[in-house]
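Asker: Attaching a single structure in structure tokens format; questions to follow.
The values are calculated or read from the model by the stated rules, or taken from the named source; none is laboratory data. Model, not experiment: these values are computed from the prediction. We place every Cβ from the backbone using ideal geometry, glycine too, and count neighbours over all the protein chains shown. Note: accessible area is taken over every heavy atom of the protein model, side chains too, but ligands, DNA and RNA are not part of it. Shrake-Rupley method; radii C 1.70, N 1.55, O 1.52, S 1.80 Å.
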Amino acid sequence: VTVKAATTLFSRFAAAFGDATATPYAELKFFTPRAALIADAELQTLINLGLTERRARTIHSVAKAYVAGELVLEPGCDQAAELERFRSIPGIGHWTSNYVAMRALRDADAFPTGDLALCNALGGVKPKEADKAAEAWRPYRAYAALYLWRMLRMGTSTESGG
């Protein structure tokens, strides 16, 4: 999913499952959707937001596991165990689990393996080459990923010396 598509989908989720709020920012209208509301929703409701059936099932399964306490994706959890449990859900792979480790678990060394934008930022390398380059950035690979994504948004790459 592209960043633009993900943003569109998350906006739809926020409108459907997030509590409304008033802010001075026109784009900020809802709080983050609550997992319980997503878990309780009909699968077709998620599909109607623009998800494929497979993605809808994955998100539904994640929300249900989180609400049931079977999945704890919060800082301070047993990260290895929780990410293994997370990846056991059909549709969740290493990219997704590493992205969640970066964002939700605040893992400074998580690196979203196979991210095409990161490969492009590194001059169009293959995913295995990006992973190899990322080894030099341990234990701060997540910061490197954020930096590279920012470079792309700014229109620079490692090839241009940006």
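Asker: Can you tell me how many residues within the stretch 25-51 are outside any helix (DSSP H, G or I), at pLDDT 95 or above and more than 14 Å from F10 (Cβ to Cβ)?
Answerer: The total comes to 2.
Asker: Can you run down the residue pairs with Cβ atoms below 7 Å, 6 or more apart or on separate chains, where the first is in the stretch 64-75 and closer than 15 Å to S97 by Cα and the partner is surrounded by fewer than 16 Cβ atoms within 10 Å (Cβ to Cβ) and basic (K, R)?
Answerer: Correct list of pairs: P75/R106.
Asker: Here's another thing I want to ask about it. Across the stretch 80-99, which residue is nearest to T58 (Cα to Cα) among those that are among the hydrophobic types (A, V, I, L, M, F, W, C) and open to solvent by 30 Å² or more (accessible area, probe 1.4 Å)?
Answerer: W95
Asker: Turning to a different aspect of this structure: Filter the stretch 1-38 for residues that are open to solvent by less than 70 Å² (accessible area, probe 1.4 Å), closer than 26 Å to G114 by Cα and polar (S, T, N, Q) and give the result.
Answerer: If the condition is that a residue be open to solvent by less than 70 Å² (accessible area, probe 1.4 Å), closer than 26 Å to G114 by Cα and polar (S, T, N, Q), then T8, S11 are the ones that fit.
Asker: Follow-up question, since we're still on this one. Provide a single number: the residues in the stretch 1-24 that are outside any helix (DSSP H, G or I), polar (S, T, N, Q) and within 19 Å of the chain's Cα centre (by Cα).
Answerer: Total satisfying the criteria: 1.
Asker: Counting only residues that are charged (D, E, K, R) and either at pLDDT 90 or above or part of a loop (DSSP other than H, G, I, E, B) (or both), which one in the stretch 144-162 is nearest to the chain's Cα centre (by Cα)?
Answerer: Here the answer is R150.
Asker: From (1) open to solvent by 90 Å² or more (accessible area, probe 1.4 Å); (2) farther than 22 Å from G114 by Cα; (3) touching an Asp or Glu at 6+ places or on another chain (Cβ under 7 Å), pick out the condition that doesn't hold for E42.
Answerer: Of the numbered conditions (1) open to solvent by 90 Å² or more (accessible area, probe 1.4 Å); (2) farther than 22 Å from G114 by Cα; (3) touching an Asp or Glu at 6+ places or on another chain (Cβ under 7 Å), the odd one out for E42 is (3).
Asker: Just to be sure I understand the filter: pairs with C-beta atoms under 6 Å, separated by 6 or more residues or on different chains, first member in the stretch 78-94 and assigned to a helix (DSSP H, G or I), second member among the small types (G, A, S). Which pairs pass?
Answerer: Pairs found: L83/S97; F86/S97; R87/S97.
Asker: Going through the stretch 126-140 one residue at a time, which ones are closer than 23 Å to G155 by Cβ and touching a Lys or Arg at 6+ places or on another chain (Cβ under 9 Å)?
Answerer: A134
Asker: Also: Answer yes or no: is there a residue in the stretch 48-59 that is open to solvent by 80 Å² or more (accessible area, probe 1.4 Å) and among the hydroxyl-bearing types (S, T, Y).
Answerer: Among the residues of the stretch 48-59, not one is open to solvent by 80 Å² or more (accessible area, probe 1.4 Å) and among the hydroxyl-bearing types (S, T, Y), which makes the answer no.
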